[in-house]
Structures are given as C-alpha cells and as structure tokens.
Amino acid sequence: MSKNVRKAQWESPEVTSKRKRLDTNSSSAIHQTENLFWPEEEEDSFFTVSKLNSATDWKLSADHVENENASVLRSLESDTSLFCAHTIMDANRKPTIFETEPSSSFQLSNFKDDTFLSKTILDDAMSSCKYKIHCHGTTNLLSTTTTDKSFLTVSTVENLFNDTPLELFSSPNKNSIVNKSLNKDSTQFSTEKSKNFNDDDADDSIFNTINLHSEQVDDSPKQLKIDDSIFANIKIDDLTKVDGKDIFTQRVIDEVGVQNSQRFLEDVAIFKVPDVPPPIKKNFSATTVTESDLCSSQYAIHSDLPNTTVLTNLSRLDWDSQVFSDKLENEFPSKGDFFGLPDKVKRMIFEHKGIKSLYEWQEECLNLPAIHKRKNLIYALPTSGGKTLVAEILMLREVLCREKDVLFILPYVSIVQEKVSAMSPFAIAMNFIVDEYTAGKGKCPPMKRKKRKSIFIASIEKGAVLMDSLIEAQRADEIGLVVVDELHLIGEKGRGATLEALLTKIMFIDVNIQIVGMSATIGNLTEVSTFLKADVYTRSFRPVELKEYIKCGNDILEINAAGKTLEEVFVYNRSVDFNYNESVTRSDPDHLGGLVAECAPQHCVLVFCPSRKNCENVALLLSHILPKKFVEHRKREKDDLMDALDKVCGVLGEVLAKTIPYGIAYHHSGLTIDERKFIETAYRFGVLSVICCTSTLAAGVNLPAKRVIIRAPYVGSDFMTLCRYKQMVGRAGRAGMGEAGESFLITTSRDNIRVGEMLFSPMDKAISSLNIENSVGLQSLVLSAIGLEIATCRNDLYRLVGSTLLSVQAPQLQLSAEEMVLNLIRELFKNKILELCSPAAAGKRNTSGILTTQDVKNHNNRSSQEHRRLFVSKSTRFQLTDIGRAAFKAGIDYKRTYTIHDELKFAQKQLILTNYAHLLYLVVSFNSNAKGDELFPADAGILYRIYMSLDETTQTLFRLLGFNEAIAVKMAKTMSVQGPLELKLNRLYKVLVLIDILNLKPLPRVALRFKVERGILQTLINQSTAAASAIVRLCDQLEDFWCYKALFERIGTKLDRCGTMELEPLLDLPAVKINRAKQLYSAGFKTIEDIAKCKPINLVRSVEHMPMKIAKEIISAAKIILMKKLDYLEEEAEALKICLQ
C-alpha cells in the first residue's frame, strides 16, 4: 500500500468519524500521527499496534478507558498499517509505554534498533501520563532535539533516556523525602540495561552534552507576556513581621524624585553620544591576502599597533567577515585535517559541545598568521562568543601535535575545577594528563613525564608558583603554550600584579613559549598587546542577539548602540505596572516580580544584586509575590534538590527552604562549594528558574539566562563600571537560549547621571598595579627574578622591568621605571634582602646606605661618601640573602617575611604541640591584616563563652599570648575585642573555628556556632591551606626553622582534606568533600581504583543524590589520578632498569 493511499485512508470519513469519538487526550495523540507513514519497502520495521499487543496485554491495559473509546481503538488497531499510538489511554492508567508493571515483559530492547517512533507521539505520551518522566526538566522530551515531524528509532530514544539524568538529585534506588513510591516508579525505565552504560566497549568517560534548558524556547522576537492579574490578589501584609523585616530592610528608595524615562533623558542630556566609526569594508581576494590586508580588517599585527587607531573603541565596530590566506604554513606537525588535530578530537569536541560546526570567526581565528607562526595573540570578543573553544583547540594541538605541556591560567578556583572536569575526557581518550593547580593542589615542580604531556590548569597565584618552579628547575622549555582567560584581570589590584609578573618572566626567559590571551572587556588593547608583543584579533560577534533595556520607574527604554542622538540611543519601549496591588507595589516598587514572571519558569532569569544580603532579600521577596504556578513547576525535582542540600551538604538554609519551592535560589560566596554546585546544576536543567546572585557569578560561573536583571548599578558600595556591566548582560541570550537575550538595568533618579556616564564611557583600561601599595608587586617581580637567577644585576633588572606593562604605561602614569628599580635596590640592600655575589665584597660592605655609579656622578665630594656607601654599578652582580630567598619562595614581600620570621622565632621557644591550636595560630598569622579581621572579626560574646569551656592546653595558648581571665571578664562586659589584644583575639577566634573543623564537626554547625557564613568558612580553610604551604616553602630556606617543615606539611594536609584517615584517598577527587566521601565509602567505593573501574550508571544507582554529570566527573578524575600514578611507576621502573644494566 503506497503512502498516498494510506494517507487517503487515514483521512477517510469512516476513520475520521471514529477518531472524533475518542476522548480529548486520545484524539490529540492520534491526530498527531498523521505524518507517520511506512516506507514502501520496510513495513515491519515500524513500531505498530500489533507489536504493542504482543508486548503488553492490550485489553487489560484498556480497562480504565470508556467502552466506546476502547471499541474505536480496537477497530483501528485491526489495520496495522495505521499506527494508533495512543497507548497511554488515560492519565489514571498506570502501565504505559514508558512505565510498565514489574511483571510486564515490555521493554524497548524487545524491538529492533531501526524501529521508528514519532516524536509527537512520545511527547503526547509524556504529557498525558500522570507519572511523567522528568528528563531535562520537561515533559516534552525531544523538543530541543528533533523537528515535530521527525522519526526516531528505538535505539535513539533509549540513548536519549540513558544520556539524560532522569533524577537530577535523587538516586533511583533511594527514597526521597517526598513521593517515595512515585520516585521509584518513575525511575524504573532508567534502570534498564542500555548499551551506553553496560557495554564493555563503551567509553563512559566521555561527557554527554548538557542541554542547558529543555523546555521549548519561544524564538519569536515578540515581547514576553504574562497575565497581569496574577499580582492583584497578593497580600504582602499577610507576611510575618520577621519575614517583612528580612525582605524590606535593604529596599532601594528613590528619595531624589520621581523616576521615569523623561527624567532619565533630561539627566543624561549632558553627555554627547560618541561618534560611531564607519565600518571597515574591504574586499579581499583569497589568493592575495597578506598580513597588511588583515590589519585593515579586524586583525592587527603587533608591529603596526602603535600607529593604528582601529582599536580605540572595539565595542562599536561593525566588522566585515575577514578573508584569510590558505597558503600560510604551520610551524607545527600535523596529525589531521582539523587544524592539525586528529578527526577523533573533532568528533569529541562536537559531541561534547553539542555543535555541528565552528563559528565563522573561530575558523578565522584558528587560521590567523599568529596561529600559524606561533606568535603571541590576543583575541577579544563579547561574552558568550565562544572564545574558550578556540583556546581548547590550541591547547589540544600543542599537547598532541607539538608534544609540549600547556599552562592554562583561569581567574577563579571554581572555573579551574570546572575546566579540569571538562578536559578530563579528552585526556583519557587522547592519553595526556590534566592537572589542577589551586591552593594546596598540584606539585611544584611537576613530575617530568616522558610518555604523556600535561595541561596544567591553574589559578593565577598557583600558576605563578608553578612557572617559577619550572624556571628554577631549568625546565621552562617543557611549556609550549600559556593561555590566559580574562586577560583584563591584569589590571586588577593585587592579583593583576601577580599575572603581570608571571607573563613578564615568561617573555623575558625567551624559551619559545607562545602566549594567547582572551577577554571581552579590555579598553586599552594597544597597550596590552605592546606589552605582550602580541597580534590582536577582534570581532563583535554574538551567537544570539542581545537586547539591552533600562528601567526608569515604570518606563522601559531600549538601548540602541547605533543611535546618533540621545533619543535614538535610548528608545522608549513600553511602560509596566503588572497590575500590582498597593501592598505589592509598596514592597516591590521596581517590579522585579513582574519582570521575572514574564520569563520564568519556562525560561531562566539571573538577578544581579549589589551585596550578598541583598541576594537573599530579593530571593525571599520574589518567593512571596510570585504566583503559585511557580510552586507546581518541577515540584518533585525541587523537593529532591532540597533533600540533596540537606543530606549531602549537611544543611538546607532557612532562606533556601523558603525560596526553592518557587524555583528561586541565591548564589554567592556565603554558600559552600557543594551548595553552589547543586544550585548551578538545578538551574542548568531548569529545575530552578531564577537565581539572585552577586557580580562574581558573571565572571566566575558559566550560567546563561534568557533574561538578566541588574537590581541596581552597584557592586558592593562601588558604582558599576562598563566592564562589570558588560560581563553581567553578557550572560543573557547565549547559544541554545533562543534567538535573543534581554537585560534590564534598574535605575533610580539619583543614579541617572552616573548610569549615563558609565554607558557612554570607554571600556575599562587594564592599568598595571606593580607600583601600588609601596610597589609590592614590583618588589615581588624583582625578588623572584633574582632568586631564579634570570636577572642578577642592574642592567638585567632594567631590561626586565622595561618588559612590563608598567613600563609601557609609565609615561601616562608619570613614572620612571628605572628610578623605581634604583630605589628598590637601595631598599633591599638596606634591609638585608640582597647581598653582593662576591663573599669578600659582601663581608666588607656597610649597608647603612647604597650608592650607585649614577649617584656618584651627582656628588661633588666622592671621597666623603666612600667610607659609608656601597657602590653598585650596572654590572655588579648580587643575590638574595636567606631571608630574601624565603620571601621569594613564600611569595610575599620582605616586610611580611620579617613579621612571619619573628612569629615563628617567638613560637619556637615554647611551641605547644599537644594539639593543633598553636600551629593553626601561626597559619592564621600568615594571612592576617593589621587588625586580624580579614574575612570576619571576632564576636566577643561567642569568644568569651567558648574560652570559658576550653581545655587546659588551648587556654595555655591564650595565656601565652597575653589573654587571661581578667581580660575575658572585661571583654564580656564591653562585648568588644578592641584594645591592645585586638589582633591576637581576632586570630584566636579563627583558630577556634579551624579546631572545630579539624575535629570533623559539620561545617553548618560550625557556621552556626560562630555566626559565620558557611562559604566564608570554606574560604578560610582554602586560605589556611595555601598559607601552610607557603610557610613550608619559607622554612625550607631558613635553617633555623627545619623543625617546622614536617609540622606545617601535616597541618596543610589536614586542612586540605578535613577527613578521617580512611576517607583521605577519596578526598583527593575534585568536588568530593567530607559528606560525599562518606557516601562513597558507605556505598563500597573505598579507593580511587574502586571508583575508576565503576560505570557512571552504577555510581548513580549506588550513591544517593548523585547526578550523572557529577558521577562522570568523579570517575574521569579517578582515572586521571591513576594515569599519573602509572606514569610515576613507569618512570621509576625505567630508572631501576638503567641501574641494573
């Protein structure tokens, strides 16, 4: 029977009349099968009603269907050429295609892999079923993967089910806190054997693509609409007084005047709209393209940068697509056609990223002259443009083709850990190592490997330590490529100086290391590229459109960057009030609830708030005013999320307990890493639709959204910069989130002028911070250069400092780099940090003053200076003293080194070793500021109560530091720690916190006891771990402190793992903290080997609240650890063989 005949029969009056007699659900499902027809050759290959009859007892399954409907179905099923696929029958019927009785023999494996299913039928089955399978947060399982008329094979559906975490937070074999029986039934399908997880040849280490949001995305550009009446009946007055106080204490009140669009335009009228440079349009021939041609497009050659003005305002350029030459020859071995990489790498990248091809600009960038010739390169694109993928391809090429190690510098520990997890599947498949270098993790220098190369993924601080260790070991040439993400951080105070010093030393040693930097927000690319001697590639590409709005009172203005006048730049869009009643308007004057409800829960929203407390307040506010439909959306999974936070993280916070039922959470540094991971995972899968967060999420975590709302133009107490603004709004409208993203900046009339100034200002410039705070950054650079013996005289130091960004910017900063070096050398000699290389000369010196040869020329009476001055010419060689070398190794300035030295010297005379308290005090002292109140100050009342209950050993430490009962009583009366002992008491307060943590008390309980946020406690642990490691390096250089080394190594290990002896191996795994380690141990996974040989699905089944993504990350990390162990054993075996020959 041909397809046309079948279609005609299907639409015949007789069949049509039968179809109309079905109930609503049946009619809907059957109607959607009109496009489902057999090809003429293979009728038996389809999923027919006859096969359903053979799999299940059709008549018994239809008992709950009305007799009339059942007879219609039976008459239709008699002709197997018509697929009457409505097997669901009724929402109350338990057996379905996807949920069968345990006794039923039905399963997908009963049918051939080429059996076809209709996507629409599956969708209807999902939506009609009472016990829906929650895959990717939607009942519409395949809405993002296929078209409505597409066919799917059984194997495809099975793979989709197995690749999707059916239970995001609950294990299939564990009971949740709610819906226990339902949970078991709904996950039955996921526990069936599948080829993905039970085939011995399957590569379980390869991560599946995570579809960020599986709900159907409305790609139309129309404005999202909501029912304005939903806010009319909300009574905020019904809230308790405590809730009201929590929510409304930090509400922004516009005291200057009524805010509206007219008021905003009047206030910003003082600003002149910058002229938009004409777009550069030039036609190129693919056969005649040269580097000069590329320069006139969006690619600038380093040597031409000082003479060009093309890069003055990148954000407003309208680049044409660049044509690049195909004749450039690569300076690296090629192992395939994918930019020199094997085809296997290409397949893995596309599978992992869920893409079919690269963006045009990515291919352009990877074919630039700088890439082919291994020159330094900076590429700058807006947030979400796909910059990281280019970096990953370059790193893989360096490791696999050139067989060189790679250093990847990332700004935050969370991003480092995320990237380690993302690169681990490639490492296992392509036989190289991925190493994490953060805080206490990572060995310096790393083990030298002959068989496998490494990608070192490091934070800025740990990356600097790693590079120094390689230079000192004369192994810097093992690194072939250094990639720096968020290159604009080179202008940040503190960390920026560390990054600038690191890059300066890499270029200064000149061992053919290529540097590639990427950023979305650098306002002075010319200066930074001059510093790095780098070519520059720029493009204003975004995968989806971003629409930016400003909310002025009830009015919303759209920002048109191409406008030439204020009225063209700020275009009136609409006015909103969302039909708020009086109480809702009073509590939410900015209409946050309405703006959120327009988008959520079908789409995701990020609300950026100025402070941590404001994040929590806004989350609470939204949970009180949003409609009840938010509670019903993904209810079971939200219950599972709360259960996971309670059991795995040890606590479900009071605020989160109120907000998560509405799909709302907050995200800031006050939460632990585990809590943040669960919230991020839930948000990615659409279980949570709103996150209220601080600005750090914009740069630290990859969480895109359909809509971004900036609660106020402040970051803490500081007004927002254009760089910060661009980072936040860049989170809106990423690939996979629809055709366009939206951002709303809420302003008050008092901020209008500053908002206008910010929007019309150029992008933030990266300004060197080597010279700030008494030139601490420059001192660190000079000490490390002398310690590494890459600069040992004034001439060397002049060349070194002349290679810095500070030197490039010295004219505009009105500084003399040479004068700064001279002053620093004098200071270091005076404080006995430097000494002459010649022992004889060093013995005769008088360091009361240092006189250089230039100083001599400026003095008339040289003889009067000679008896008290040391002459240092430009070629005089000098070296670090022991204390100078200790400062260099510890990574601190010499003044802090002397302070730590005195602390250790004093403690050495009467060190208390009956517990960890005294050692912890020395660790805390390393990071202490002048008052000791970094992170958090001491609470006098809590400190007094705990002191009175301390054991005798710990009280002895208090007395040793000058604290006694009399002072304790006075502190209890005044409830203050201020006074001569303020520094020591603030330190001791942190010591008491760390003692509880080392005694394995749950972090939530410690946080509650000391009134400190859980995330801040984790930060204290990380800082203390890094401090212990630094003290070990310091003591290594000072013979007097030989006894300390083993002690601080032990305390560092204890702080890093915070677990019992049997759990320590499991705590080496990333994202595994004490509670997760206990779960793994209880489930029988007691060693790294146990985890490495486990299948991800088995780990998910065995461990409660283990998402599939986390399971794969843990298993991949375990395999990487074993690969490193194997390397070590193989190297040791080779050495033994050589000895025996």
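Odds and ends about this structure:
- Pairs of Cα atoms nearer than 8 Å and 6+ residues apart set the relative contact order; for segment 479-627 it is 13 percent.
- Computed over neighbours whose Cβ is under 12 Å from that of residue 963, the net charge equals +2, Lys and Arg +1, Asp and Glu -1.
- Cβ-to-Cβ counts within 10 Å put 461, 545, 486 in ascending order as 545, 461, 486, the fewest first.
- Exceeding the 28 Å Cα-Cα cut-off - candidates 404/1045; 272/551; 1045/1086; 441/613; 889/909: 404/1045; 1045/1086; 441/613
- Residues with amide H under 5 Å from that of residue 741, placed H, sequence gap 5 or more: 545, 546, 547
- Neighbours of residue 379 by Cβ distance under 11 Å: Lys/Arg scored +1, Asp/Glu scored -1, total 0.
- Charge tally in the Cβ shell below 15 Å around residue 982, where Lys, Arg are +1 and Asp, Glu are -1, residue 982 excluded: +2
- When peptides 1088-1099, 383-394 are sorted by average Cβ neighbour count within 10 Å, with the highest value leading, the order is 383-394, 1088-1099.
The numbers here are math on the coordinates, done by the rules we state, and not lab data. The model shown is predicted, which means the values in this text are computed figures rather than measured ones. Reconstructed Cβ throughout: ideal geometry from the backbone, glycine too, with neighbour counts over all protein chains shown.
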